[in-house]
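What follows is a single structure, written as structure tokens, with notes after it.
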Amino acid sequence: MQNVLTRDNLLKWAPLLVLLALVLFFSVINPNFLSLRNFARLSISASPALMVAVGVTFIIIMGSIDLSMEGAVSALAVIFCYLLVWLGGSVAGLGCIAIPAILLLGAIVGAINGYIHVKLRIPSFMSSLAMGFVGTGAAVLMTGGNIVKIDDEVFRSLLTYRLLGFPLMAYVAFAFLLLGWVIQSYTRLGRNFYAVGGGEDLAHASGVHVKRVRVLGFALAGFFFSVAGLLQVAKLGQAESVTGANLMFISITSVVVGGVALWGGIGGVWNALVGVLIVAVINNGMIVIGIPDFIQDGLLGLLVIVAVVLSTDRRSVAFVK
Amino acid sequence: MNIERIKPHLPWITLAILVVIVSLIDPNFLNPKSMLSLAADIVPLFIMALGITFAIYIGGIDLSAQSMANMVTVVATVLLASMGAWVAVFCVLLGALLGAFSGFVTTRFFVPSFISTLAVGGVAFSVAQWLSGQRSVSMDAAQRDALFGWMIGRTAGIPHELVIAAVLLFICWFIERRTVIGRNLKAIGAGELAAVASGVSVSKYKIAAFALSGGLAAFAGLLFAVKLSGGAPSVANGFLLPAIVAVLVGGTPLTGGVGGVVNTMIGTLIVAVIRASMLYLDVNATQQQMFFGLILIAAIALTIDRSKLRIVK
């Protein structure tokens, strides 16, 4: 144990320290912040964002980025609602097919995203941004600007049924987080993400099928976006073209603030969890101590810049666009 | 006849073909009066696209333009009573300052421009919500007409917006083609490392490009506020996508270095004609997003210079 305070160590643990400091800060100002009820509320608002953040983490590990989440989540949520209504309106009956169907569809949408990026050879931030717009447009087209309501008690139990004080959806989100962790740490695909992000040339030379890994990464992200869509529907009881609105800013902020380096190769799903919790604690804490919520976007924006600055090893970067 | 020789001419050929198609479907389209008002309606979008052109010209991107315009509609409306005509100067300077901040963060801290501008967009959105109290605000009609009425009137049937657009286009064209700044921006877009090696102060010019982008986005917001006689934190939503599309279909590739503001004018006209034709087909603005998203992908794929991207991330 030579020097604990190395740059690497500091970067690794800084997000967690920030999270703890924030929790301490808010609970000193208002003790109600530490209540179980408040944490349950926090978990409800964080669960869908966590799923989007986990999905996009895989992409950022590869050094790419996926900005399609808003459109993807909206479109998938709307399709899920229509499918559920068409199949009888309850997941207790025939409607249970709707859930795996939407997860599969999410993966397909993600794969299309990745395919466009890889085959047309255009930067992923632009191809995915464009696909996000397509998704939002598709959601408007399907709903005609209306709201699709779901009043299935069984499905809504994700929100209403509480276990140890937390709603079921928090556990579902945690289960999918574990799934993401297993994929990241114990599968060949997960290792290949890190290989591609660490250095694409090297990965290619070592026999990694880089293009396939990229498309699979986007497909995986799409899968997690569809989980986020499901949780959004469970949370709100409805779907419309703005169901996914604002998720882009929140999820990218979370992942970056959590310590996943934009250059790829560093970080993982646990960083995404810490990042989502930081963002959720800031949002929730500001309301609890009575600061108006409109400052959030500005604060988060500045936080992102600080996080990227801190996580960039400037000696290794020639220039940025 | 190879594709590389035709490529620079593709934008105006596309525009001509689109105009012919639309006017065959609806002969009224060629009516000068409707064409003029069509062009006048697109001016705020055009001004925003002019700004984004500079950011893309150097190989970056500005995703904050829409939030910037949103913020300015609110700032201009709220401060009109106390500042009078100076509010216009203030707004444009504010936009340029925020843009310069994006550029500063990008160049000095190595934050990719799509992240830094997204973050600055978040800041602008917060300012807009704070100043407006999360409602829409409106201008005093008499004061607006007295100070900024000249922006939206008509002289001899020509909408004044078009004159403003022409003046701004000329200024931007002059900066791009006739000044040292423009030359250096082109050098940076064509190859940043080569520009550094040639002794160009790259950081300075990149910050300038983002400042231009921010200032023009603010001007777009100002014009929008005058047109609507008010503002709101989300009034310009839906502008970002068509503005970026206008730049790219005009022929300025995402990799930068070629194209420029005149191309953006053609690109904006293409967007205007597509929008007009969609009205005939009864496709509303939000649904158009779907279509413009696909056009965006096609335009990037057609224009991007892949020799500059060894690895596509």
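Observations on the structure shown:
- Residue within the range A:71-94 that is within 14 Å of chain B (Cβ to nearest Cβ), out of contact with any Ser or Thr (no Cβ under 7 Å at 6 or more places or on another chain) and over 13 Å from A:GLY229 (Cβ atoms) present: no
- Annotation: A:ILE116 fulfils all but one of (1) open to solvent by 30 Å² or more (accessible area, probe 1.4 Å); (2) within 14 Å of chain B (Cβ to nearest Cβ); (3) among the aliphatic types (A, V, I, L, M); (4) not in a helix (DSSP H, G or I); the unmet one is (4).
- Only one of the numbered conditions (1) assigned to a helix (DSSP H, G or I); (2) at positive phi is violated by B:THR107, and that is (2).
- Test for A:ILE97: is it closer than 26 Å to A:VAL256 by Cβ and either open to solvent by 30 Å² or more (accessible area, probe 1.4 Å) or not in a helix (DSSP H, G or I) (or both): no
- Residues that are in contact with a Phe, Trp or Tyr (Cβ under 8 Å, 6 or more places away or on another chain) and either of a type in the set (Gly, Ala, Ser) or at pLDDT 95 or above (or both) do occur in the range A:26-37, at least one of them.
- Residue under evaluation B:VAL283, criteria (1) buried (at least 22 other Cβ atoms within 10 Å of the Cβ); (2) part of a loop (DSSP other than H, G, I, E, B), criterion not met: (1)
- When the range B:95-140 is filtered for residues that are over 24 Å from A:ASN246 (Cβ atoms) and either open to solvent by 10 Å² or more (accessible area, probe 1.4 Å) or touching a strand residue (DSSP E or B) at 6+ places or on another chain (Cβ under 6 Å) (or both), the ones remaining, listed by number, are B:ALA96, B:LEU97, B:ALA100, B:PHE104, B:THR107, B:ARG108, B:PHE109, B:PHE110, B:SER138, B:MET139, B:ASP140.
- For beta carbons closer than 9 Å, sequence separation of 6+ or different chains, a first residue in the range A:13-41 that is within 23 Å of A:LEU164 (Cα to Cα) and a second that is part of a helix (DSSP H, G or I) and open to solvent by 100 Å² or more (accessible area, probe 1.4 Å), the qualifying pairs are A:ASN38/A:ASN32.
- Only a single item in (1) more than 14 Å from every other protein chain (Cβ to nearest Cβ); (2) β-branched (Val, Ile, Thr); (3) without any contact (Cβ under 8 Å) to a residue 40 or more places away in the chain is not met by B:VAL105, and it is number (1).
- The sole residue among A:LEU105, A:LEU83, A:LEU67 that is buried (at least 17 other Cβ atoms within 10 Å of the Cβ) and either in a helix (DSSP H, G or I) or at pLDDT below 90 (or both) is A:LEU105.
- Only residues that are within 14 Å of chain A (Cβ to nearest Cβ) and in contact with a Phe, Trp or Tyr (Cβ under 7 Å, 6 or more places away or on another chain) were counted across the range B:214-239, and they come to 1.
- Wholly enclosed helices (runs of 4 or more DSSP H) of the range A:193-270 bearing at least 1 residues of a type in the set (Phe, Trp, Tyr) and open to solvent by 10 Å² or more (accessible area, probe 1.4 Å): A:210-236, A:247-257
- Enumeration of residues in the range B:288-313 that are open to solvent by 20 Å² or more (accessible area, probe 1.4 Å) and either in contact with a His (Cβ under 6 Å, 6 or more places away or on another chain) or not hydrophobic (A, V, I, L, M, F, W, C) (or both): B:GLN289, B:THR303, B:ASP305, B:ARG306, B:SER307, B:LYS308, B:ARG310, B:LYS313
- Beta carbons closer than 6 Å, at least 6 apart along the sequence or on distinct chains, pair a first residue in the range B:110-129 that is at the interface with chain A (Cβ under 7 Å from one of its Cβ atoms) and farther than 19 Å from A:VAL308 by Cα with a second that is buried (at least 24 other Cβ atoms within 10 Å of the Cβ) and hydroxyl-bearing (Ser, Thr, Tyr) for B:PHE125/B:SER67.
- Complete set of residues in the range B:286-313 that are among the charged types (D, E, K, R) and either part of a helix (DSSP H, G or I) or at positive phi (or both): B:ARG306, B:LYS308
- Per-region count, the range B:202-231, residues closer than 21 Å to B:GLN288 by Cβ and open to solvent by 10 Å² or more (accessible area, probe 1.4 Å): 3
- Residue ID - farthest from B:PHE219 (Cα to Cα), chosen from residues in the range B:140-154 that are within 24 Å of the chain's Cα centre (by Cα) and outside any helix (DSSP H, G or I): B:ARG154
The values are calculated or read from the model by the stated rules, or taken from the named source; none is laboratory data. This is a predicted model, so every value here is computed, not measured. Every residue, glycine among them, receives a Cβ derived from its backbone with ideal geometry; neighbour counts consider all protein chains shown. We work out accessible area using only protein heavy atoms, side chains counted, and drop any ligands, DNA or RNA first. Shrake-Rupley method; radii C 1.70, N 1.55, O 1.52, S 1.80 Å.
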